[in-house]
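The values are calculated or read from the model by the stated rules, or taken from the named source; none is laboratory data. Everything numeric in this text was worked out from a predicted model, so none of it was measured. Here the Cβ positions follow ideal geometry from the backbone for every residue, glycine too, while neighbour counts run over all protein chains shown. Surface accessibility is based on the protein's heavy atoms, side chains included, excluding ligands, DNA and RNA. Shrake-Rupley method; radii C 1.70, N 1.55, O 1.52, S 1.80 Å.
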Amino acid sequence: MKSIDAHSHVRGESVYLDDIPLVQGTLFACVFDSPIAHGKLKSVDTTEAELSEGVFRVITAKDISGENQIGGIVPDEPLLAHGEVHFAGQPIAIVLAETEELAKKASRKITVEIEELEPVLDPRVAAANGDLIVPAKQFVLGDTSNAFANCEHVFEGRTETNGQEHLYIETQGAYALPTEQGGLKIYSSTQGPTAVQRAVCRVTGLPMHHVEVDVQRLGGGFGGKEDQANAWAAICAVGAQLTKRPVKYALHRMEDMRMTGKRHPYSSDYKIGLDKELKIVAYEVTFYQNAGAACDLSPPVLERTLFHCTNSYFIPNVRATAYCCRTNLPPNTAFRGFGGPQAMFVIESAIAHAAEKLGVSSSEIQRKNLIGDGDEFPYGQIAESDAITSWMQGDAEYDFAALAKEADEFNSTSKYFRKGVAIMPVCFGISFTKTPMNQARSLVHVYTDGSVAVSTGAVEMGQGVNTKIAQVAAKVFGLSIEKVRLHTANTLRIANTSPTAASAAADLNGKATQIACEQIRDRLFEVAKPLVEAETVDSLSLENGFIYRDGERTSLDWQTLVMDAHLQRVNLSEHAHYTTPGINFDWGTAKGHPFAYHVYGTAIVGVTVDCLRGRYAVDYVKCCHDFGSSMNTAVDHGQIEGGIVQGIGWMTMEEVVYDEKGRLRSNALSTYKVPDIYSVPKDIEILPLETSRENLAIFNSKAVGEPPLMYGIGAFFAVRNAINAFNHTSPEFIAPFTPERVLMNLFRNDNRDVVG
Ligand code: MTE
Ligand code: LUZ
Ligand code: MOS
């Protein structure tokens, strides 16, 4: 079962924002953004721009008819800067012109007077200044102070992880069209149609029922469009409201890279305590999250960091503290893993540190501390754990010791190359950690020709959610997938949606679709019962386009049944609602059962480092992954491969660089390196975990969008192990391990055993 979009994708026929035919009179927007990271905005001069060729209007903060505010969690983000600027790239003015080029040209004629203030770029400095966006958050399990006193070994250290550019192929953008009665229709490249609707309503002052948001699909989101699509839709909406003309804005790559936030950089301190048997007894960790200049989604990202602070391990005494630090960078935002990867990097660093000092391999400490069935996570949920089974099954298939030995043998004979191997266990919780977000609706219509139309709030962004939802409808109705069509995510058909995020879209929207289809199916069975002379509806089923009675095919086909039902005035439509059962979380006690389930897995990553040049190649990633029971292995393998590559990119070559004034230097693809076909692992092997455990996933097919990204963290530790095999210098835990940084570490120490 391949993706239902495969055909139109390869033929270039799939429709993205920029493919929507333009309505006559459309104006094009271009934003003028702050060149300065922090300062007092004394004046904005738009006269020259307004006189520029093709310009229809220039908009600044004072023109906005609603509230000049798009901050969803904390109202700290004006749509257009007013009074002060807080990051380089902050929108100040909007130029509307007859073409994209003319809008851009005019925007360059805008001038501003800004009295520069000192920018804060370091989250630890912000924390020291007391500049936190929300109060510190903490998880506590057991009693770390007592536990450390009784530990055989205690190690402390510090780690750094950098940001990451989303680099969705389709940049941010929106197209707003005025409708009757002052309403608006918005096409947006967003993961959150309702979030866009709310932002548009806020800045225009319109009530939500006057604003329709429609999303066909995205050319990638990766979290970057969970919240940060709102600004561009709001900008187009303000323009359309003020001019009564359609307004479109599709950002150029450099505008997108400069003006949008990224994965949060973190700076962290850890303290880990082990007993004689290498059991981790105590763990303390402090996270300094670089949130950027506005709240955006930073608090829930920070919360997920806490949720995943012990990754796949059971540690009886934990104290994890997290600070949401305001700096003068663009507001950082959701990115695949949502704070989880940052947390896992720290615990893996702590383990690597301890292993090195104790002269054992990290894998020994990892294996001895995997969380077991019935163990408690620091947030109170009891594990139904497959951490150990995924490790054992992965080891049985790939033979971890043999792979390590192979690297050692290579290293003992190679002059200039070193191989490194690392194991990366992953445990990721599935559900929005904010319980109320775990709900979804689906609207299903069966038409009288037997075809089926499905609408949900799920946004297709390449992850295959539409394919999975189509599979759900096809399965319940016993039809082939061609009989089902997925329609756009549209706020008139599906209201109050949660964003497509948290890897939960297929579960939530798939389950809602299942409920809707089952209700229609049950009504159809009532119609079919007399027609096929069945005693009870329980004896009926739908398969291959026919009604089956007691497992035997009858002569009644789907289309005839549907038409009969319609003539009997039976409702062939359903709008169903699903909420994840059994989840809760109480921030008063910081305890609860926030996740429907966890996804487990174990990956082994092997790299080869060129110790003269600092270059490296990832030779393989072999993982045993917990799919539950995959409903679409083609889609799921694609997600695993993509996630791994994105994780490796974050850990190794992708380097977000701001200068000392807070200006983005890595602002194009020439200065920001993402994995390409030459740098992806030569080999990715995926072994499905064998399990018969039931779970709350759609058809038992567990969420797969985010968890595999964290296998990529293994690449950092594999590279580090290779460097250590060359010169024993214990590189610091600072990611990304760019070739430059690898080179500096290879030749850092005079004691290196460099040969030749
Ligand atoms: N895969 C592709 N091709 N493109 C994307 O933008 N986003 C990821 C993941 N996989 C993404 C992707 C992220 S961040 C999430 S949360 C999930 O897909 C969301 O989709 P799901 O809930 O359907 O898994
Ligand atoms: N978004 C969100 C997420 O709002 N809440 C979450 O828990 C989450 N988790 C992962 C990715 N996005
Ligand atoms: Mo994904 S970070 O939940 O959009």
Practice item. Quick one: in region 182-195, of everything that is within 16 Å of ligand 2 (Cβ to nearest atom) and under 18 Å from residue 67 (Cα atoms), which residue is surrounded by the most Cβ atoms within 10 Å (Cβ to Cβ)? Key: 195
Review point. Of the residues that make up region 644-651, is at least one more than 28 Å from residue 86 (Cα to Cα) and open to solvent by 20 Å² or more (accessible area, probe 1.4 Å)?
Key: yes
Practice item. Sort out for me the strands (runs of 3 or more DSSP E) sitting completely within region 75-181 that have 1 or more residues that are touching a strand residue (DSSP E or B) at 6+ places or on another chain (Cβ under 6 Å) and open to solvent by 20 Å² or more (accessible area, probe 1.4 Å). Key: 111-116, 137-141, 153-161, 173-178
Exercise for review: May I ask you to list the residues in region 628-643 that are outside any helix (DSSP H, G or I) and open to solvent by 10 Å² or more (accessible area, probe 1.4 Å)?
Suggested key: 628, 629, 630, 631
Revision key, fill the gap. Residue count, region 212-234, condition more than 16 Å from ligand 3 (Cβ to nearest atom), crowded, with 24+ Cβ neighbours inside 10 Å and either at positive phi or in a strand (DSSP E or B) (or both), comes to 1
Review point. Taking the condition part of a helix (DSSP H, G or I) and either open to solvent by 10 Å² or more (accessible area, probe 1.4 Å) or more than 16 Å from ligand 1 (Cβ to nearest atom) (or both), does residue 237 pass?
Key: yes
**Study point:** Qualifying residue in region 471-490 (condition: within 21 Å of residue 429 (Cα to Cα) and either within 16 Å of ligand 1 (Cβ to nearest atom) or not aliphatic (A, V, I, L, M) (or both))
**Key:** no
**Study point:** Qualifying position, being open to solvent by 30 Å² or more (accessible area, probe 1.4 Å) and either of a type outside the set (Lys, Arg) or touching a residue at least 40 places away in the same chain (Cβ under 8 Å) (or both), among 390, 361
**Key:** 361
Exercise for review: Report yes if residue 493 is more than 20 Å from residue 15 (Cβ to Cβ), out of contact with any Lys or Arg (no Cβ under 8 Å at 6 or more places or on another chain), open to solvent by 50 Å² or more (accessible area, probe 1.4 Å) and away from ligand 2 (no atom under 16 Å from the Cβ), otherwise no.
Suggested key: no
Review point. Taking the stated definitions as given, is residue 513 of a type in the set (S, T, N, Q), surrounded by 22 or more Cβ atoms within 10 Å (Cβ to Cβ) and more than 16 Å from ligand 3 (Cβ to nearest atom)?
Key: yes
Study note, to complete from the structure: Among residues of region 652-681 being open to solvent by less than 10 Å² (accessible area, probe 1.4 Å) and of a type in the set (S, T, N, Q), the residue farthest from residue 738 (Cα to Cα) is 666
Practice item. Quickly run through region 696-726 and pick out the residues that are in contact with a Lys or Arg (Cβ under 8 Å, 6 or more places away or on another chain) and open to solvent by 10 Å² or more (accessible area, probe 1.4 Å). Key: 699, 705, 706, 725
Review point. For residue 291, are the conditions met, namely being within 16 Å of ligand 3 (Cβ to nearest atom) and crowded, with 22+ Cβ neighbours inside 10 Å?
Key: yes
Study note, to complete from the structure: Of the listed residues (493, 521), the one being among the basic types (Lys, Arg), more than 16 Å from ligand 1 (Cβ to nearest atom) and over 26 Å from the mean Cα position of the chain (by Cα) is 521
Exercise for review: Name every residue in region 1-46 that is among the aromatic types (Phe, Trp, Tyr) and open to solvent by less than 40 Å² (accessible area, probe 1.4 Å), in order of residue number.
Suggested key: 28, 32
Point to revise | Subset tally (residues that are without any contact (Cβ under 8 Å) to a residue 40 or more places away in the chain and open to solvent by less than 50 Å² (accessible area, probe 1.4 Å)) for region 728-744 | key: 2
Point to revise | Selected residue [over 28 Å from residue 635 (Cα atoms) and among the β-branched types (Val, Ile, Thr)] from 729, 691 | key: 729
Practice item. Evaluate region 602-611: report whether one residue or more is more than 16 Å from ligand 1 (Cβ to nearest atom), surrounded by 20 or more Cβ atoms within 10 Å (Cβ to Cβ) and under 30 Å from residue 443 (Cα atoms). Key: no
Point to revise | Unmet criterion (only one of (1) within 16 Å of ligand 3 (Cβ to nearest atom); (2) loosely packed, with under 15 Cβ neighbours inside 10 Å) for residue 342 | key: (2)
Practice item. Please find, within region 59-74, the residue that is least open to solvent (accessible area, probe 1.4 Å) out of those that are touching a residue at least 60 places away in the same chain (Cβ under 8 Å) and closer than 20 Å to residue 245 by Cα. Key: 59
Check your understanding: Among 528, 534, which is the only one that is surrounded by 15 or more Cβ atoms within 10 Å (Cβ to Cβ), in a loop (DSSP other than H, G, I, E, B) and at pLDDT 95 or above?
Key -> 534
Exercise for review: Would you point out which residue out of 452, 465, 476, 472 is open to solvent by less than 10 Å² (accessible area, probe 1.4 Å), closer than 30 Å to residue 569 by Cβ, of a type in the set (Val, Ile, Thr) and out of contact with any Gly (no Cβ under 6 Å at 6 or more places or on another chain)?
Suggested key: 452
Check your understanding: Among the residues of region 196-209, is any over 30 Å from residue 13 (Cβ atoms), open to solvent by 40 Å² or more (accessible area, probe 1.4 Å) and within 16 Å of ligand 2 (Cβ to nearest atom)?
Key -> yes
Revision key, fill the gap. Within region 246-265, restricting to residues that are open to solvent by 10 Å² or more (accessible area, probe 1.4 Å) and assigned to a strand (DSSP E or B), the one that is farthest from residue 329 (Cα to Cα) is 248
Practice item. Could you tell me which numbered condition residue 68 fails, if it satisfies all but one of (1) touching a Ser or Thr at 6+ places or on another chain (Cβ under 9 Å); (2) within 22 Å of residue 204 (Cα to Cα)? Key: (1)
Point to revise | Output for region 411-428, where each listed residue is surrounded by fewer than 18 Cβ atoms within 10 Å (Cβ to Cβ) and either among the small types (Gly, Ala, Ser) or within 30 Å of residue 386 (Cβ to Cβ) (or both) | key: 412, 414
